[in-house]
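Below is one structure; the comments refer to it alone.
The values are calculated or read from the model by the stated rules, or taken from the named source; none is laboratory data. Note that the structure is a prediction, hence the values are computed from the model and not measured. No Cβ is skipped: glycine too gets one built from the backbone with ideal geometry, and neighbour counts run over all protein chains shown.
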């Protein structure tokens, strides 16, 4: 473990988490900052945090997507005020240190690869289910990028026969894609209450398992990961995991070996990944 102090930012659609640390497996002094409709309010608080906690040797930023890696900027997000915002460069100029930039799920995949549920694996996928849905893939020990980064939250899914007919999905771009049907806002729009207030026996969870199992099956067919880690606020309902496993087996129908479906091992996978990115790799 090194003595240098590094910084981390997990930029989410509802909140930013900021932290410092010398060991990415254990982010320290974590603070929550609300994600404002326009960047100015949030970013002022983020920059002030690092000025108070500094000096740091580098900062890793794990951002909600889509992102533009070349510009270190947020892409065509439904959060209109943040579209095109140069997140990495803004922090780099204000704090005066090198900034490494990735998606929140890409960083979370790195965190779990190094310190959590992905240790020792050559291939696995991390999917977060919360305000939005996104996925980061690790193939041969490296996070996957191509034309851009994976956008697993916008996989197209088949509607469940029991889904209310008037519900069209909340994604402004695709309507009933995975994020449109299974994100936290989708559950709230469909049932009139937040996911965390729904009882374990509520029918909402059976529908949620149906959509998330579709995503897991699609990912299994394309990337053949050894394990799929499901994190995010919606996945705090522990009863959801056995339902997803059961539904995945039903949808797979014995055609191919299926990956393990497990929760994250780290308390803050994206923050841990961002700290590791800031230091240029694992610290221990």
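Kindly check whether there is at least one residue in the range 54-75 that is in a loop (DSSP other than H, G, I, E, B), on the phi > 0 side of the Ramachandran plot and surrounded by fewer than 19 Cβ atoms within 10 Å (Cβ to Cβ).
no
Taking residue 94 as meeting all but one of (1) in a helix (DSSP H, G or I); (2) crowded, with 22+ Cβ neighbours inside 10 Å; (3) touching a helix residue (DSSP H, G or I) at 6+ places or on another chain (Cβ under 6 Å), write down the number of the exception.
(2)
Quick check on the range 78-91: of everything there that is in contact (Cβ under 8 Å) with a residue 60 or more places away in the chain and either under 19 Å from the mean Cα position of the chain (by Cα) or loosely packed, with under 15 Cβ neighbours inside 10 Å (or both), which residue is nearest to residue 109 (Cα to Cα)?
As a first pass, look at the range 78-91 and keep what is in contact (Cβ under 8 Å) with a residue 60 or more places away in the chain: 78-79, 87, 91.
Next, only the ones that are either under 19 Å from the mean Cα position of the chain (by Cα) or loosely packed, with under 15 Cβ neighbours inside 10 Å (or both) stay: 78-79, 87.
Working: 78: 23, 79: 23, 87: 20 Å.
Per the criteria, the residue is 87.
For the range 178-196, give me each residue that is surrounded by fewer than 17 Cβ atoms within 10 Å (Cβ to Cβ) and closer than 14 Å to residue 240 by Cα.
Result: 196, single match.
Quick check on my filter: what residues within the range 156-173 are surrounded by fewer than 16 Cβ atoms within 10 Å (Cβ to Cβ) and in contact with a strand residue (DSSP E or B) (Cβ under 9 Å, 6 or more places away or on another chain)?
156, 168
For the range 1-44, which residues satisfy the criterion of being without any contact (Cβ under 8 Å) to a residue 24 or more places away in the chain and either in contact with a strand residue (DSSP E or B) (Cβ under 9 Å, 6 or more places away or on another chain) or on the phi > 0 side of the Ramachandran plot (or both)?
Listed by number, the residues that qualify are 15, 28, 31, 32, 33, 34, 41.
Kindly provide the set of residues from the range 110-147 that are closer than 23 Å to residue 217 by Cα, part of a helix (DSSP H, G or I) and in contact with a helix residue (DSSP H, G or I) (Cβ under 7 Å, 6 or more places away or on another chain), ordered by number.
Residues satisfying the conditions are 110, 112.
Suppose the filter is within 17 Å of residue 119 (Cβ to Cβ) and at pLDDT 95 or above; does residue 265 pass it? First the steps, then the outcome.
Working: within 17 Å of residue 119 (Cβ to Cβ): yes; at pLDDT 95 or above: yes.
Spelling it out, residue 265 is indeed within 17 Å of residue 119 (Cβ to Cβ) and at pLDDT 95 or above.
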